[in-house]
Amino acid sequence: MNEADIPIDIHAGKLLDWLVSRRIVDKNWHLNVRDVRSKISNALTDMPAHDGLVQLLKGAHINYFHCQQIIDILKTTEADSRNVFGRYGSQRMKDWQEIVKLYEKDCLYLAEAAQILVRNINFEIPGTRKQIKSFEQLGEESDKKIVDLERSEIVILGEYQSLCKQLGILGENVRKELVEKVGELPEMYRTIATSVPPLKKALKLYGAFLSNDACLPILRHVSSAGNTTVYEFLYSEPPLSIEEPPVKFSLKDTSEENSGGIDFGNDGAIDFGEAEIDFGADTGEINLEVGDIDWGAGEDVPAGNGNEIDFNISLEESGIVVEGDGNAGGVAKGDEAYTIFDSPSYRDKFLNELLELEAFLKMRLYELSTSDKVEILSLTMMDNFPDHDSKSLTEMLSFVDVVYSRINSQQIQHLHQIKHSPKFVDILTSKLKQKLIAVDKLKETVKLTKQKAISFRQQGVDLKPTLARIIEQTKILQQQIEKDISKRYKNRIVNLMGSNL
């Protein structure tokens, strides 16, 4: 085989070491290249206006092969400065010719070109590709984050709407709607009370079991009389009047500051409470010194006239009614003024009795469902109530469940707490407000994330032309190096391997 036909294969990553080992370039070449780079920087400050130069210098690292092309262009632009001997008088041409000579000394240009090629192959191209891929991944991650944020937004908004539905409000003005909803509690309690009378059979069965017809007194009272006041439950008669403790609500958020006016506690009305007015008489007698009241009778009024009071008239004749002992005709105040369902303490007692009745019915039902129910029934009182079988007990349990589920619903619980603890309005309002704030924050985050996703993708798109330009310049440089080395070895084919361009 002819030697000229044998190719020279060089690993691109080890090109510089190959050139040094063949003594084509000096191993200390990098010490001399600094002066050349400095002269190139100075020469670039004085360049003629030429489209070819602009295109050549655009985004490129100037090397020896670029300098040769620049000289070719200057031969056209600086043609007027050429003398009869063929030399150019232009300083621009002289500067670039000097740069080319410095490059050619000890093949400095080839060492620099090899270094640029290796750097592009090992760092510039892979790094740019990695950046593009990273921006694409960031865009994809942003899309996934947007989906998660929108899902969280839907969940939180659903929780807000669900809580508003539990409370029976629209959620447009939470505080105002909650305060107005408290006014519907009496009607809600009346509705619940209508479901209590069906418990009479269960109460009768439980009373017979305990041999105590007075068991579960609150349940019995509500089943027969309804949701009356605590006063009526305690004293078995309705009060003449009811003075329920006032409940004060603020329709403003607690975060709002007061206007600075004096707070009298009840729309400007001064509440004296139970304080008595002191007339200044400790003995019970009122001392009137000046301006005494004239009773219309002096010391000389004769006895037995028509102005005397007859103390022998009976109470029946006078029409005066004296109240008996106890609370007959009394006024329901404080906790006694609340209805049983509205009173915090009696509400709890009602629920406890309801649970006690439920536990009894479940135990009876369990006994009837066991395999040895005949033996168990002989030890219980069920023989006295043959009409109470599993079906009837199940029906009784269903009535208990209806009452319990109604009085213990989330809406009733919240409204009950609001009425007896006005600060609970602030808690609920704050809870709902926080959910809306969270939704707004998620919406803003989604908006920013979408902008970031667009930015990431745009940066990746912007880098692709840069990558293409680097690859193209690297390919040209590789061909120029292969051609230069080939001339040194009798035009043998030179292949720079492993560039992956």
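The values are calculated or read from the model by the stated rules, or taken from the named source; none is laboratory data. None of the values given here were measured: they were computed from a predicted structure. Because the Cβ atoms are built from the backbone with ideal geometry, glycine has one as well, and the counts that use them run over all protein chains shown. To get the accessible areas, we keep the full protein, side chains included, count just its heavy atoms, and leave off ligands, DNA and RNA. Shrake-Rupley method; radii C 1.70, N 1.55, O 1.52, S 1.80 Å.
Assuming 0.692 mPa s and 37 °C, estimate D for region 1-158 with Stokes-Einstein, Rh taken as the Kirkwood radius over Cα pairs, in µm²/s.
Numbers: Rh = 20.0 Å.
The calculation lands on 164 µm²/s.
Using amide H atoms built in the peptide plane, which far-off residues or other-chain residues are under 5 Å from Arg82 H to H?
Counting only residues 5 or more places away or on other chains, the set is Gly89.
Pro344: net charge of surrounding residues, Cβ under 14 Å, Lys/Arg +1, Asp/Glu -1, itself excluded?
Working: positive: Arg347, Lys349, Lys419; negative: Glu244, Asp335, Glu336, Asp342, Asp348.
Summing Lys/Arg as +1 and Asp/Glu as -1 gives -2.
Can you compute the radius of gyration and Dmax for region 381-501, using only the Cα atoms, both in Å?
Looking at region 381-501, its Cα Rg and Dmax stand at 40.5, 125 Å.
In what sequence, largest accessible area first, do Phe341, Phe65 appear using a 1.4 Å probe?
The residues order as Phe65, Phe341, largest area first.
Take Asp342, Asp348 and sort them by solvent-accessible surface of the protein heavy atoms, 1.4 Å probe, largest at the top. Numbers along the way, then the final one.
Working: Asp342 5, Asp348 85 Å².
Descending order: Asp348, Asp342.
Any chance you could look up the accessible area of Phe135 with a 1.4 Å probe, heavy atoms only, rounded to 10 Å²?
Here the residue's solvent-accessible area equals roughly 40 Å².
Leu149: net charge of surrounding residues, Cβ under 14 Å, Lys/Arg +1, Asp/Glu -1, itself excluded? Intermediate values should be presented prior to the final figure.
Values: positive: Lys144, Lys145, Arg151, Lys441, Lys443, Lys447, Lys450, Lys452; negative: Glu141, Asp143, Asp148, Glu150, Glu153, Asp440, Glu444.
Value of the local net charge: +1.
Taking all protein chains as present, what is the carbon and sulfur share of the accessible area of region 1-64, in % to the nearest whole number, probe 1.4 Å? Please report the intermediate quantities before stating the final value.
Values: 1990 of 4220 Å².
So the carbon and sulfur contribution to the accessible surface is 47 percent.
Anything over 26 Å Cα to Cα? Flag those among Lys200/Lys391; Lys165/Lys441; Lys27/Lys483; Lys165/Lys391, in the order listed.
From the list (Lys200/Lys391; Lys165/Lys441; Lys27/Lys483; Lys165/Lys391), the Cα-Cα distance tops 26 Å for Lys165/Lys391.
Where does each of 25-38, 355-368 land if you order them by average Cβ count within 10 Å, highest first?
Top of the packing list down: 355-368, 25-38.
Once you list every other residue whose beta carbon is under 10 Å from the beta carbon of Met497, what net charge do they have if Lys and Arg are +1 and Asp and Glu are -1? Mind showing how you got there, number by number?
On the way: positive: Lys14; negative: Asp9.
Net local charge, Met497 excluded: 0.
Looking at this model, which pairs from Lys58/Lys105; Lys181/Lys201; Lys362/Lys423; Lys58/Lys130; Lys181/Lys204; Lys75/Lys464 are more than 30 angstrom apart at the alpha-carbon?
Working: Lys58/Lys105 27 Å; Lys181/Lys201 34 Å; Lys362/Lys423 39 Å; Lys58/Lys130 23 Å; Lys181/Lys204 36 Å; Lys75/Lys464 35 Å.
Long pairs (Cα-Cα over 30 Å): Lys181/Lys201; Lys362/Lys423; Lys181/Lys204; Lys75/Lys464.
For region 95-231, restrict the atom set to alpha-carbon positions and state the Rg and Dmax in Å.
Gyration radius and largest Cα-Cα distance of region 95-231: 41.7, 125 Å.
How much area per residue is accessible in region 71-204 when the probe is 1.4 Å and only protein heavy atoms are counted (Å²)?
On the way: 7810 Å² over 134 residues.
Per-residue accessible area for region 71-204 comes out at 58 Å².
Could you estimate the translational diffusion coefficient of region 53-144 from the Stokes-Einstein equation, with Rh from the Kirkwood formula over C-alpha pairs, at 20 °C and 1.002 mPa s, in whole µm²/s? Provide the component values of the computation, followed by the final result.
Working: Rh = 16.3 Å.
In µm²/s, the coefficient is 131.
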